[in-house]
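Asks: Here it is, the structure, as structure tokens.
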Amino acid sequence: MAPATATGPFRIVHAVCSHDCPDSCAVLVTVNGEGRAIKVEGDPSHPVTQGFLCGKVAKYLDRVYAPQRILHPLRRRAGVTKGPLAKGRELESLEQISWDEALDAIAARLQHVSDTYGPESILPYSYAGTIGVLGYGSMDRRFFHRLGASQLDRTICAEAGGQAFKLVYGKKLGTRNEDFPRAKLIIAWGANIHGTNIHLWPFVEQARRNGARFIVIDPYRTRTAGLADWHIAIRPGTDGALALGLMHVILRDGLEDREYIREMTHGFEQLAARVHDYTPECVAKWTGLSAAEIEQLAREYATTKPAVLRMNYGVQRSENGGTAVRAIAMLPALTGAWRHAGGGAQLSMSGAFKFNMPAIERPDLMFSSPLGREARVVNMSRLGHALTKLGDAAEDGPRVHAIFVYNSNAAAVAPNQNAVRRGFERNDLFTVVHEQFLTDTTDYADYILPATTFLEHTDIQGAYGHYFVQRSDQAIEPQGEARSNVWLFSQLAQRMGFAESCFRDSPEEMIRQALNPDETGHSRNPGMEHITPESLAEQGHIPLAFYSRDEAKPFLPFSVHESLPTPSGKIEFYSEVLAAAGADPLPAFVPPVESRLGPGARRFPLEFLPRKADNYMNTTFANLDGHRRMEAKTNHRLEIHPRDAAPRGIGDGDAIRIWNDRGSLQLTALISERVPAGVVAGRLDWNKLSPGGRNVNALTSERLTDIGEAATFYSTLVEVARV
Ligand code: SF4
């Protein structure tokens, strides 16, 4: 099917949802004769999208044409203090300017900051507000590399789990959604499939119709957990202990696949010795489960074939989250589940897509910057520290004097929000934000630049939940003066006097570079050799080479011996990388400092889950009335178990305060058994839409995970009291 065909007065354009979601849906956009998009729908020809979109994006035109869209460059009026602007009255504090004025002023200020404090005092801050190859990171990366700006370590979401999975397997691959219907046991571990990965759900349902059992392991009774045959409400941060306990039972009872282990893995004997002490009784004390439940789960998992694990990134957002993912990822290697069609595991399949990123990002440009070397790296999960403390020590390098935020609502999503806000409030910090709406972060901006949505620019995209490369064609003209990442940073580069021709590349040229190694000399994944800019433009979505639509040919990653990109060439129970770094090469359970097992629990006895809304994407969509109505039940609520509410004299609907040493929130109690005793849950929202102008990140910390130095949102202790 051609991606853009004229049918009478309407056109159907093939686009791709670029929100941070594993499904990367193929979207058909109907555009009328006036150039207005009048319908978005899932592409029925895409085997994973299957013709439907989630509730978030089914109403996408409400977002594209929202009256609150930023349509022009804006500048903070002289004398207006940085900080939350009155909701709905933000524009009174801002003035509209032309793009030329904005770009000239921003380029001049960045040059001044670079000349005065050094280029590393400029910090880009972005994440996955869009995950298209060009929109996520392309011309922006070239620009900041050439400038010599600090590099951003993008750790806020997937780094701990991603690195952990690669420590075991060397690459991020997983069981295809399309093979799930063959499974007889599906375990969703920290994965709210129904809320955040809805296109896996039809395959889960198909498997259940075929007789599969469906188990959910999650401290919170999500929509998905509510639909499970068995919901295991584990305590936050103890997933690694459970995985080690399952291994103990599997090995004690001889349920492992010795042949697979011999052929495919490295370090089995050491692992067996390590898990010896993780008895069900011992693990039960940490996890809050009974020893009998652990025994049952281990036996079900090891004896049901095919069995598949769907992990998501919730598991890794605790202090020991990297090790937890690593231990869970070892389970299918122990039982040989990878050999069975429909078995195995899925965390992320992004490792299958090898776009030519060196050509797109041009890290070599750092050596042409005033630094003449690689710039320092700043961890995005410690933004509060970066804006308030970095530079205090001589070895830090310069303080951050300019921050350029795009694809992220940093003031709302970064942990330890009070520190982040103190940083953004600094009068000596120059802040630019490229955005679609006036968010919590634009409240601190000196300049706000209007950004396009995925309907308004062209891109290509892989996925972390399926194996299709897709092209997203521009369906409509940008709203107002909104502009894409590629355009914005190309213009800025030229104003900064960067002469390299790559700063004048068009999106089409960059798509060709991403797909074509011949022009740049970089090698890429052989699985993508058949995908050319032309074939992608013609077909819209193309599977990677190993993908077969033939049901008799399931995709079986890690099922037969191949040399894996690990030091041993095998699946590593014993990590040679960690051993070389002087770290524990085997998984072990270390209780999180911020948990009921840690020292802080005396003062703050409740474990806090700052959970994500099913109908928002982090904070994206939270400002739209239709989406807010879908989340109305938990707006401004703290879910608390009756056993925790009663001794505190808290009743349903009471005003309560929730606090720790980092901050406090005023919320309303929702007495709920969706959380287990000892755990409370509140939902991520915009600050300006939250009581007191603070969201859940007022409570979270900047402590980092054990692997990957990622954020630890789910290792947070609090106390709660009736107001
Ligand atoms: S958010 Fe996810 S499920 Fe929804 S349309 Fe986008 S890719 Fe599909």
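Asks: If I filter region 209-224 down to residues being more than 20 Å from the chain's Cα centre (by Cα) and crowded, with 16+ Cβ neighbours inside 10 Å, which single residue comes out as farthest from His466 (Cα to Cα)? Can you show your working first?
Replies: Just the residues of region 209-224 that are more than 20 Å from the chain's Cα centre (by Cα), to begin with: 209-216, 221.
Next, from what is left, pick out any that are crowded, with 16+ Cβ neighbours inside 10 Å: 212-216, 221.
Numbers: Ala212: 22, Arg213: 23, Phe214: 21, Ile215: 22, Val216: 21, Arg221: 26 Å.
Residue satisfying both the conditions and the ranking: Arg221.
Asks: Please enumerate the residues belonging to region 43-86 that are in a strand (DSSP E or B) and within 11 Å of the ligand (Cβ to nearest atom). First the steps, then the outcome.
Replies: Of region 43-86, the ones in a strand (DSSP E or B) are 74-76.
Matches in region 43-86: none.
Asks: Quick test of your reading of the structure: Asp23 fulfils all but one of (1) away from the ligand (no atom under 14 Å from the Cβ); (2) within 24 Å of Gly135 (Cβ to Cβ); (3) of a type in the set (Asp, Glu). Name the failing condition by number.
Replies: So Asp23 meets the others, but not (1).
Asks: Answer with yes or no whether Leu110 is in a helix (DSSP H, G or I), over 21 Å from the mean Cα position of the chain (by Cα) and surrounded by 22 or more Cβ atoms within 10 Å (Cβ to Cβ). Lay out the reasoning, then the answer.
Replies: Details: in a helix (DSSP H, G or I): yes; over 21 Å from the mean Cα position of the chain (by Cα): yes; surrounded by 22 or more Cβ atoms within 10 Å (Cβ to Cβ): yes.
When the stated conditions are applied, Leu110 passes them.
Asks: Picking from Glu319, Glu281, Glu256, which residue would you name as being in a helix (DSSP H, G or I) and either charged (D, E, K, R) or at pLDDT below 95 (or both)? Can you show your working first?
Replies: Working: Glu319 fails: in a helix (DSSP H, G or I); Glu256 fails: in a helix (DSSP H, G or I).
Of the residues listed, the single one that is in a helix (DSSP H, G or I) and either charged (D, E, K, R) or at pLDDT below 95 (or both) is Glu281.
Asks: Now for a different question. Check Phe355 against each of (1) of a type outside the set (A, V, I, L, M); (2) in contact (Cβ under 8 Å) with a residue 12 or more places away in the chain; (3) under 30 Å from Val113 (Cβ atoms); (4) outside any helix (DSSP H, G or I) and name the one condition it does not meet.
Replies: (3)
Asks: Of all residues in region 168-198, how many are under 24 Å from Ala233 (Cα atoms) and in a helix (DSSP H, G or I)?
Replies: Residues of region 168-198 that are under 24 Å from Ala233 (Cα atoms), as a first pass: 180, 183-198.
Then keep just the ones that are in a helix (DSSP H, G or I); that gives 180, 193-196, 198.
So the answer is 6.
Asks: Suppose we filter region 187-230 for residues that are of a type in the set (Phe, Trp, Tyr) and away from the ligand (no atom under 16 Å from the Cβ); how many remain?
Replies: Applying the first criterion (of a type in the set (Phe, Trp, Tyr)) to region 187-230 yields 189, 201, 203, 214, 220, 230.
The next check asks that each one be away from the ligand (no atom under 16 Å from the Cβ); those that pass are 189, 214, 220, 230.
Of the residues in region 187-230, 4 are of a type in the set (Phe, Trp, Tyr) and away from the ligand (no atom under 16 Å from the Cβ).
Asks: What single numbered condition from (1) modelled with pLDDT under 95; (2) closer than 30 Å to Leu515 by Cα fails to hold for Ser150?
Replies: (1)
Asks: If you don't mind, another one. Under 9 Å by Cβ, and 6 or more places apart or on different chains, what pairs join a residue from region 586-597 that is without any contact (Cβ under 8 Å) to a residue 40 or more places away in the chain with one that is buried (at least 19 other Cβ atoms within 10 Å of the Cβ) and of a type in the set (S, T, N, Q)?
Replies: Matching pairs, first to second residue: none at all.
Asks: Here's something else I'd like to know. Return a yes/no flag: does region 338-357 have any residue that is farther than 28 Å from Lys612 by Cβ and in contact with a His (Cβ under 7 Å, 6 or more places away or on another chain).
Replies: Of the residues in region 338-357, the ones farther than 28 Å from Lys612 by Cβ are 338-343, 354, 356.
If we keep only those that are in contact with a His (Cβ under 7 Å, 6 or more places away or on another chain) too, we end up with 356.
Yes, the conditions are met somewhere in region 338-357.
Asks: Okay, moving on. Take region 679-702 and flag every residue that is closer than 22 Å to Ala324 by Cβ and in contact with an Asp or Glu (Cβ under 6 Å, 6 or more places away or on another chain).
Replies: Those that are closer than 22 Å to Ala324 by Cβ and in contact with an Asp or Glu (Cβ under 6 Å, 6 or more places away or on another chain): Val679, Ala681.
Asks: For region 599-646, enumerate the residues that are part of a loop (DSSP other than H, G, I, E, B) and among the charged types (D, E, K, R).
Replies: Just the residues of region 599-646 that are part of a loop (DSSP other than H, G, I, E, B), to begin with: 603-605, 612-616, 618-619, 621-624, 631, 635-636, 641.
Arg603, Lys612, Asp614, Glu631 - these are the residues of region 599-646 that are part of a loop (DSSP other than H, G, I, E, B) and among the charged types (D, E, K, R).
Asks: Out of all the residues in region 5-42, which are acidic (Asp, Glu), surrounded by fewer than 24 Cβ atoms within 10 Å (Cβ to Cβ) and assigned to a loop (DSSP other than H, G, I, E, B)?
Replies: Taking region 5-42 first, the residues acidic (Asp, Glu) are 20, 23, 34, 41.
Subset that is surrounded by fewer than 24 Cβ atoms within 10 Å (Cβ to Cβ): 20, 34, 41.
Scanning region 5-42 gives Asp20, Glu34.
Asks: Among (1) on the phi > 0 side of the Ramachandran plot; (2) surrounded by 24 or more Cβ atoms within 10 Å (Cβ to Cβ), there is one condition Gly129 misses while meeting the rest; what is its number?
Replies: (1)
The values are calculated or read from the model by the stated rules, or taken from the named source; none is laboratory data. Since this is a predicted model, take the numbers as computed values, not measurements. For neighbour counting, all protein chains shown are included, and Cβ atoms are generated from backbone atoms with ideal geometry for every residue, glycine included.
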